[in-house]
Amino acid sequence: MLKIEQLNQYYGQSHTLWDLDLDVPEGQCTVLMGRNGVGKTTLLQCIMGLLPVKSGVMRYRDTDLRRVGAEQRAGLGIGYVPQGRQIFPLMTVEENLQIGLPARRDGLRKIPDFIYELFPVLKEMLGRRGGDLSGGQQQQLAIGRALVTDPSLLILDEPTEGIQPNIVADIGNIVRRLNRDMGLTVLLVEQKLPFARKVADRFCLLDRGRAVATGEMPALNEALIQQYLTV
């Protein structure tokens, strides 16, 4: 579904992504892993058009993403949950969810009922301001806002960061349900190895801006963990 080849990206004179390859198969959950500062969030921001790309190929289905503006990528069917959630704190839960509706390809202008089935707490708090929610509730709101756009590919940047353990488990169950029961393709950045093993089919390890190992999750062995994940 998403194919990246020989991707290079720079911050000024600093070369951050080096000839990076990534394949995200349709219907699977792929996890990006690596130590802090190796380029995981940078890669997601390149996919979403939030950072410029120097060279390489980024294709989503039959579309060359490098020719598509950032504001148009949600309309292609790519949902994005950024690191830190980035919900609108002064807007209500309902208003935050409604923001995604214009990106829908089917013209629906009503928040789908399945959002409230996945996240019952959001239905209870529709009139509450986003900034008044707990961290876990804000993360659920951010995921719900992305799902409102009716994506075929859902991109999540560290969805468990700073979240209490019971909500982490809930988010894991929701990701599995979206991917395995509803057929949604998922690409996520994740630092927690147990969570990654629970939800992902495939992994890609990044180190110093390069993809150094990829494969099915069972191939993520102790040697790779020690070399690229252990601080």
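A few notes on this one:
- Residue check, Ile143 among the hydrophobic types (A, V, I, L, M, F, W, C) and free of Cβ contacts under 8 Å to residues at least 60 places away in the same chain: no
- Residue satisfying condition, being in a helix (DSSP H, G or I), in contact (Cβ under 8 Å) with a residue 12 or more places away in the chain and surrounded by fewer than 22 Cβ atoms within 10 Å (Cβ to Cβ), within set Gly162, Gly136, Gly84: Gly136
- Lone qualifier among Val53, Val57 - being modelled with pLDDT of 95 or more, touching a Cys at 6+ places or on another chain (Cβ under 6 Å) and over 19 Å from Pro159 (Cβ atoms): Val53
- Scanning the range 76-89 for residues that are over 19 Å from Glu26 (Cβ atoms) and either more than 18 Å from the chain's Cα centre (by Cα) or of a type outside the set (S, T, N, Q) (or both) turns up Val81, Pro82, Gly84, Arg85, Ile87, Phe88, Pro89.
- Test: residue in the range 119-133 that is closer than 26 Å to Pro25 by Cβ and part of a helix (DSSP H, G or I): no
- Residue satisfying condition, being surrounded by 13 or more Cβ atoms within 10 Å (Cβ to Cβ), not β-branched (Val, Ile, Thr) and not in a helix (DSSP H, G or I), within set Leu154, Leu141, Leu90: Leu154
- The range 21-75, subset surrounded by fewer than 18 Cβ atoms within 10 Å (Cβ to Cβ), in contact (Cβ under 8 Å) with a residue 40 or more places away in the chain and in a strand (DSSP E or B), residue nearest to the chain's Cα centre (by Cα): Asp23
The values are calculated or read from the model by the stated rules, or taken from the named source; none is laboratory data. Keep in mind that this is a model prediction, so the values were computed, not measured. Cβ: placed from backbone, ideal geometry, glycine included. Neighbour counts: every protein chain shown.
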